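Reading through the structure tokens given below for one structure.
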Amino acid sequence: MRPAPGEGVPGEGAPDPRFDDGQVPHYRGPGPRHNREADWDRWPVSAYLTENYRRMHSSDATVLRHHCAFYRRLPADGVGRSLEFGAGPNLYPLMPAAAVVRLIDALEPGAGNVAYLAGQLEHPDASWQTFYALCRALDPRLPTTLTEALSRVRVLHADATAVPEGAYDLASMNFVAESVTEDADEFAELCGMFIRSVRPGGHLVAAFMENMPSYQIGGGLVWPAFPVDTQTVRRAFAPHTAHLLVTRVDKDPTLPDYGDTGMVLLQAVRAD
């Protein structure tokens, strides 16, 4: 059973084996964990892909339908630059963007994820082809091959603080702000960075895990998360966006049980 956040944490300064295996400091001390306290270079890329993306789940198809509908409203090749905010090793949010965006920056702080993404641009794993086939069925404007679509992607090894305000015409964020911190204020701050990465009038599309507590991948370290629902997401985005559309998706029983209750999907335009 996954331990509850904060449960049984030793005194400050004492390593906790749930968060620190003794090799590299990962988390020390009680209280909500923050993004900076997790060592994202240790993210278990292979286990994460095996648990989530080696086959397409119904929830993946739901996200892709949502995102493809978002991109279909925009003209082909009509967006100059977009940002994938915290790309991780997940290729599928990059796919529908290639119908519309001429340059896609995949921003990622974790070294293992960066190496995986860079290697995928010319030689994507065969398991991603099912995802791309669905994208092309939903938006025939996409290039014929996944490799062609990924030729528009540039991998950036950096975190969110490196993004200049208003640098992009469009930004996408998938399972990031709620999956890297246990702190409500930091969740809101990350959402704010995501919003401000686009110019006023710039387009935003996102997906969140609903009500997910801190979690494990492959039975390893516990990674910080902040449980959110549609109201939490609305509160973070409504003051700074227009045309805000937030929808909820039921939990996918074919996915690993991370303690979540489903997903929250978002579309919006930066207002200020």
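The GNM of the chain, with springs linking C-alpha atoms under 10 angstrom apart, assigns the highest mean-square fluctuation among Thr261, Thr247, Thr181 to Thr247.
Both radii are taken from the alpha-carbon atoms of the range 219-272; with Rh as the Kirkwood radius, Rg/Rh is 1.07.
Running a GNM on the chain with Cα contacts under 10 Å, which residue among Arg36, Arg234, Arg102 ends up with the highest mean-square fluctuation? Highest fluctuation among the options: Arg36.
Dividing the radius of gyration of the alpha carbons in the range 108-191 by their Kirkwood radius gives 1.01 for Rg/Rh. Taking amide H atoms as placed 1.01 Å from N in the peptide plane, the amide H of Leu83 lies under 5 Å from those of Asp105, Leu170, Ala171, Ser172, each 5 or more residues away in sequence or on another chain.
Accessible area per residue for the chain is 41 Å², calculated with a 1.4 Å probe on protein heavy atoms, without ligands, DNA or RNA.
Determine the sum of side-chain charges near His57: Lys and Arg each +1, Asp and Glu each -1, restricted to other residues whose C-beta is under 15 angstrom from that of His57.
The answer is -2.
Per residue, the Cα convex hull of the range 62-121 amounts to 73 Å³. Largest GNM mean-square fluctuation across Ser82, Ser59, Ser214, computed for the chain with C-alpha springs under 10 Å, falls on Ser59. Spatially, the range 201-249 and the range 97-123 are offset by 21 Å when compared through their Cα centroids. Atom-type composition of the exposed protein surface of the chain places 54 percent of the accessible area on carbon and sulfur (1.4 angstrom probe).
Please work out which option in (1) -0.23, -0.59, -0.97, -1.47; (2) -0.30, -0.70, -1.04, -1.36; (3) -0.24, -0.62, -1.06, -1.61 gives log10 I(q)/I(0) by the Debye sum over Cα atoms at q = 0.07, 0.11, 0.14, 0.17 Å⁻¹ calculated from these coordinates, and answer with its label. Derived directly from the coordinates: (1).
Run the numbers for Leu244 and Leu103: contour at 0.36 nm per residue of separation, minus the present Cα-Cα distance, in nm. Mind showing how you got there, number by number?
Working: separation 141, 0.36 × 141 = 50.76 nm, distance 2.48 nm.
Between Leu244 and Leu103, full extension yields 48.3 nm more.
Taking all protein chains together, Asp257, Asp169, Asp252 sort by accessible area into Asp257, Asp169, Asp252, largest first [probe 1.4 Å]. Would you compute the Debye intensity of the range 127-270 from its alpha-carbon atoms alone, equal scatterers and no solvent, and pass along log10 I(q)/I(0) at q = 0.11 Å⁻¹ to two decimals? With no solvent term, the Cα-only Debye profile gives -0.49.
How large is Rg over Rh for the range 175-222, taking Rg from the Cα atoms and Rh as the Kirkwood inverse mean of 1/r across Cα pairs?
Over the Cα atoms of the range 175-222, Rg/Rh equals 1.06.
Count Lys and Arg as plus one, Asp and Glu as minus one, and take only other residues whose Cβ is under 14 Å from that of Leu146; the net charge is then -2.
The values are calculated or read from the model by the stated rules, or taken from the named source; none is laboratory data. These figures come from a predicted structure and were not determined experimentally. Counting neighbours? That spans all protein chains shown, and the Cβs are built from the backbone with ideal geometry, glycine included. For the accessible areas, the whole protein counts, side chains as well, though only heavy atoms, and no ligand, DNA or RNA atoms are used. Shrake-Rupley method; radii C 1.70, N 1.55, O 1.52, S 1.80 Å.
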